[in-house]
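> Structure provided below as structure tokens; questions to follow.
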Amino acid sequence: MRDLLDGITAVLCKECKASCCSCMPVEGWFTESDYFIYRMFYDPPFELRVQHDNETSCAFLCARGCSLPADMRPFPCVKVNCKFVNQRLVADGGMKEFDNLKHEMIGLQKQIWEIISNKD
Ligand code: SF4
Ligand code: SF4
């Protein structure tokens, strides 16, 4: 999914007047399952957090973009696209592949939730 989006967001998001990463704090998006998976591979991401004057900017938005490793971004950051990204995915012929990968990811997320919620 990252590969599919990299070719689009690198250009499109630079021009965006309402960049999603600076318009909504990510704390509500970084769910328990995101965090558990993250911690399987990495130390706590405290040092990756950035102090912003703007209260709506994501804590992980740094000068070069997202400070989280590309394969460890919260599920919503990867699977929810704005209409501009979706339009480009359609125009580039990547929407079907993106949707298939998104459904695979939703299935994995459900499995993770089941594991987490069944733990005593
Ligand atoms: S994903 Fe869409 S809303 Fe977010 S910065 Fe890029 S163009 Fe803007
Ligand atoms: S975690 Fe990264 S991709 Fe997601 S909103 Fe924050 S800066 Fe953007």
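What follows draws every value from the coordinates through simple rules; no lab data is involved. Source: prediction; values computed, not measured. Cβ sites come from the backbone with ideal geometry, for glycine too, and all protein chains shown count toward neighbours.
> One-quarter of the Cα convex hull surface for the range 21-81, in nm²? Show your work: numbers first, answer last.
Numbers: hull surface 16.7 nm².
For the range 21-81, averaging the hull's shadow over all directions gives 4.2 nm².
> If the cut-off is 29 Å between C-alpha atoms, which lysines fall inside it for Lys96, apart from same-chain ones fewer than 8 positions away?
Result set, ordered by chain and number: Lys14, Lys17, Lys79, Lys83, Lys110.
> Given only helices, namely DSSP H runs of n ≥ 4 each adding -39500 (n - 2.57), what is the per-residue ellipticity at 222 nm of the chain, to the nearest 500 deg cm²/dmol?
Values: 6 runs with 63 residues, N = 120.
The helix-only estimate for the chain comes to -15500 deg cm²/dmol at 222 nm.
> Mind checking which helices in the chain clear 27 Å along their axis (Cα) and have mean Kyte-Doolittle hydropathy of 1.6 or more, DSSP H runs only?
none
> Hey, can you rank 75-81, 65-71 by average C-beta count inside 10 Å, highest first? Intermediate results must be reported in sequence, preceding the final value.
Details: 75-81: 17.0, 65-71: 14.9.
Per-residue Cβ counts within 10 Å, averaged per peptide and sorted highest first, yield 75-81, 65-71.
> On to the next question. Once fully extended, how much extra length lies between Met24 and Ile115, figured as 0.36 nm per residue of separation less the alpha-carbon to alpha-carbon distance? Write down the numbers at each step before the final one.
Working: separation 91, 0.36 × 91 = 32.76 nm, distance 2.89 nm.
Once the chain is fully extended between Met24 and Ile115, it gains 29.9 nm.
> By how many nm would the segment from Arg64 to Glu32 lengthen if fully extended, with 0.36 nm per residue of separation less the alpha-carbon distance? Show your work: numbers first, answer last.
On the way: separation 32, 0.36 × 32 = 11.52 nm, distance 2.57 nm.
Computed gain between Arg64 and Glu32 is 8.9 nm.
> Give me the dipole magnitude in Debye, nearest 20, for the chain about the Cα centre, with unit charges on the beta carbon: positive for Lys and Arg, negative for Asp and Glu. Display every interim value, and only then the final one.
On the way: 14 positive and 17 negative charges, 67 e Å.
Its charge dipole is roughly 320 debye.
> While we're here: Could you order peptides 87-95, 35-43 by the average number of other Cβ atoms within 10 Å of their residues, highest first?
Working: 87-95: 14.4, 35-43: 12.7.
Descending packing order for the listed peptides: 87-95, 35-43.
> Specify whether the C-alpha gyration tensor of the range 2-117 places it in the rounded, prolate or oblate class, a ≥ b ≥ c being the square roots of the eigenvalues: rounded for a/c under 1.5, otherwise prolate if a/b is larger than b/c and oblate if not.
On the way: a/c = 1.98, a/b = 1.07, b/c = 1.86.
Judged from the Cα gyration tensor, the range 2-117 comes out oblate (a/c at least 1.5, b/c at or above a/b).
> Quick one: compute the contact order of the chain, relative version, from alpha carbon pairs under 8 angstrom and 6+ residues apart, as a percent. Walk me through the intermediate numbers first.
Numbers: 78 pairs, mean separation 40.5, N = 120.
Worked out over the chain, it gives 34 percent.
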